[in-house]
Each structure stands twice: as C-alpha cells, then as structure tokens.
Amino acid sequence: MDTQELIKSLFVSDTNALGILDIFLAITLPFLLCALIALFYRNFMRLNVYSASFILSMPLFGSLSSIITLLIGSNIARAFGLVGALSLIRFRTAVKEPLDTIFLFWCLAVGMACGTGFYLAATLIVVLCALYMFALNKIKFSKSSKVFLILKVSMEKNSSEEMLIDFEKYCREFFSEIEAINLYTSSNKEFDDHVYSVKLKKRMGTSIILDKIKQFTGISNVDLVSQDSALYI
C-alpha cells in the first residue's frame with residue numbers, strides 16, 4: 001500500500017457509502033421511538049421509583065446504541081475496539097428497579113434494530129412490547145393474592161420474650177401471618193421499635209386495627225404501612 005492509498009483509507013470506509021438520510025434516520029428514529037418508551041415509563045412506573053434523569057437518558061441511549069451499531073457494521077476490529085473503550089467506563093449508578101433494566105434493554109433493542117436498518121422491526125418492538133406490558137398491567141398480572149404490610153411498634157425497652165410472644169398472639173386477631181423482621185433500639189429512648197411483616201386477616205379499617213393494637217400493655221406508638229413505604233419508617 002502506497003502513501004496515497006493509506007491516506008485514502010483513513011477517510012474512506014464502508015460507512016461513508018451511507019447517505020445523509022440514512023445516518024439521519026439511524027439517529028433520529030431511535031430517538032423518537034425511545035422517547036415513546038420514556039413516555040410509557042413515565043406513566044407506567046410508580047412515583048416512589050420515578051427518575052427524571054432516567055427518562056431523559058432513554059432517547060439518547062437509543063440513538064447512541066443505533067449509531068454505534070451503524071459504525072461497527074461487520075468490522076470485527078471496531079467491535080473489539082469498542083469493547084475495550086467501554087471497559088474503561090465504570091457504571092456506579094445502582095438500578096433501583098428490575099423494570100428499569102428491562103426498559104434499558106428495550107431502548108437498546110430499538111437502537112440496534114435501527115442501526116442495522118430494521119426500522120420496521122424497531123417500530124414493532126416499541127408498539128408490541130408496550131401493548132404486552134399494558135395488557136399485563138391491566139389484568140394485574142403481578143398482583144399477589146397475599147398483601148403484606150409492615151407493622152412498626154414502639155414497645156417498652158427490654159421487653160421480655162413472654163411479652164413479645166403474647167403480643168404476636170394478640171395480633172393474630174387482625175393478621176393471619178406475623179413475623180418479626182427487625183428491631184431498632186437506642187440508649188436515649190425509653191422504647192424499642194419492633195418491626196413485623198404482617199398479612200391482613202380480614203377487611204378492617206386500619207385505624208381500628210391500630211387503636212386495638214395500641215391498647216396492648218407497654219406499647220406507645222403503632223405504624224402500619226405498605227412494604228413499598230417501609231423505607232420511610
């Protein structure tokens with residue numbers, strides 16, 4: 001290879017054969033499709049796990065994965081070079097929900113489909129997956145027949161084992177299942193916080209349940225919350 005061919009090889013590749021419209025579609029279409037996924041995520045996810053930065057990242061993630069797939073093409077050297085470059089990046093952001101990972105792979109699939117020119121497949125990925133997820137949510141596919149709550153009870157410090165056993169027996173009037181899961185104690189408090197996982201036994205107002213539990217000897221305060229809210233007690 002002479003000098004002229006070497007210089008030419010630096011500026012010409014198989015991706016240069018692509019037109020401006022092809023490159024524009026490879027970047028813009030996944031951006032728009034992943035923006036639809038982001039809108040679906042915004043209305044589908046619960047408020048306590050809602051992340052604005054995650055929503056903003058999804059359209060860009062789709063466009064970047066598309067253009068990366070387009071640039072790699074069938075070149076093995078570029079593929080290995082990309083793996084080496086990405087290995088230098090350390091992702092330290094923890095994924096809060098398993099569904100967040102699914103949405104990322106969803107955007108990645110759309111980006112790779114657009115990067116390889118399968119625009120119809122990318123559109124179908126968005127439409128069909130959204131319909132399937134909507135259908136599963138509509139029929140409450142993930143809803144369990146067992147509704148567990150978190151019961152937090154402030155009890156006299158250093159309560160005896162017999163008192164705890166009697167308390168659990170007393171609570172079985174309201175809960176079909178009760179299990180101690182944690183204990184918070186402090187030298188500056190007169191009460192220890194006992195945390196239980198419970199399942200409601202029958203339809204009864206939570207205020208009535210709390211009032212009756214509070215009547216148990218040695219208890220100063222009672223909280224009953226859903227497991228999703230357990231982080232805040």
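Read the figures in this text as sums done on the coordinates, not as results from a lab. Everything numeric in this text was worked out from a predicted model, so none of it was measured. Cβ: placed from backbone, ideal geometry, glycine included. Neighbour counts: every protein chain shown.
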What is the order of Ile209, Ile102, fewest Cβ neighbours within 10 Å to most?
Ile102, Ile209
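Mean 1/r over all different Cα pairs, inverted: what Kirkwood radius does the range 148-232 give, in Å?
13.0
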Rounded to whole Hz, the Karplus (6.51, -1.76, 1.60) HN-Hα couplings of the range 211-225, x for glycine and proline
5, 6, 5, 5, 6, 5, 4, x, 10, 9, 8, 9, 10, 10, 9
Cut-off 15 Å between beta-carbons: net charge of the residues surrounding Glu190, Lys and Arg +1, Asp and Glu -1
-1
Residue exposure sequence - Asp100, Asp211 - by fewest surrounding Cβ within 10 Å:
Asp211, Asp100
What ranking do Tyr119, Tyr132 get, fewest neighbouring Cβ atoms within 10 angstrom at the top?
Tyr132, Tyr119
